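The values are calculated or read from the model by the stated rules, or taken from the named source; none is laboratory data. Computed from a predicted model, the values in this text were never measured in an experiment. Glycine gets a Cβ as well: all are built from the backbone with ideal geometry, and neighbour counts include every protein chain shown.
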Amino acid sequence: MPKPRGGKLNLVHVVIMGCGRVGSSLASELEAAGHSVAIIDQSREAFRRLGPDFKGRTVAGVGFDRDTLLEAGIETADAFAAVSNGDNSNILAARVARETYGVPNVVARIYDPGRAEIYQRLGIPTVATVIWATDQILRRLVPEGSLSDWRDASGTIQLCEMHPHKDWFGRPISEIESAIDARVAFLTRLAEGLIPDEHTVLQEGDLMHVTVRAENTAAVEAILARSPEDHS
């Protein structure tokens, strides 16, 4: 079972499978934040991406092999990320980490959105690379309308940044939620996040992030694009 390290509950040991661009970036950022990191890759050459200042553990081997995982400290790991370039390897390694070693926080990068949806429903957290990349590109190609910050692996639920008509400013968030039949998850106000409550009022300059079913996104956009007086 995972064990706390040195009494510092906020610091964790993370095992990463795959030392490509994503894996090496994760390893460097986690180490910079003070976490303990072990990274696995079949190619020792891949570890050169980490640079000379990396102090974590590097393990050459297959990320779902028992001996390799043990060398990486999987028995005391608090988190495991499978970010190699193979969907099958990532899923297999994620399942071994979670089901065999009881690692509490596990995520797998998946290129095939169809597979990502299946594994997500099985309870294996996944990052669907194609869906994420598509959203990021669309945000830059089509800056108007809603911007998708996140969507679940099945594509059913989205978290979107939406831009309401100016006449919505000064209205309670509860009124806006009733009008759009969706949840305002949070606001970005003066560069800080704000979770709205029953007393929160939308102010000019706020960025509004709405949790909505993908099939209803266009309808919600249409409502917010018009003055609330149009719905009276």
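Going residue by residue through region 23-39, is there one that turns out to be more than 17 Å from Thr126 (Cα to Cα) and among the acidic types (Asp, Glu)? First the steps, then the outcome.
Residues of region 23-39 that are more than 17 Å from Thr126 (Cα to Cα), as a first pass: 24-25, 27-39.
If we keep only those that are among the acidic types (Asp, Glu) as well, we get 29, 31.
The answer is yes; a qualifying residue exists.
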Query raised in the report: Of the numbered conditions (1) surrounded by 14 or more Cβ atoms within 10 Å (Cβ to Cβ); (2) of a type in the set (Gly, Ala, Ser); (3) part of a loop (DSSP other than H, G, I, E, B), Gly205 satisfies every one except a single condition; which is it?
Result: (1)
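So which residues in region 149-159 are in contact (Cβ under 8 Å) with a residue 60 or more places away in the chain and in contact with a helix residue (DSSP H, G or I) (Cβ under 7 Å, 6 or more places away or on another chain), if there are any at all?
Correct list: Arg151 only.
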Query - Hits in region 40-65 (condition: without any contact (Cβ under 8 Å) to a residue 12 or more places away in the chain and within 23 Å of Val96 (Cα to Cα)) - result: Asp65
Query raised in the report: Hey, does region 72-88 have a residue that's at pLDDT 95 or above, acidic (Asp, Glu) and not in a helix (DSSP H, G or I)?
Result: no
Query raised in the report: Looking at region 140-159, which of the residues that are under 22 Å from Arg109 (Cα atoms) and not in a strand (DSSP E or B) is modelled with the highest pLDDT?
Result: Thr156
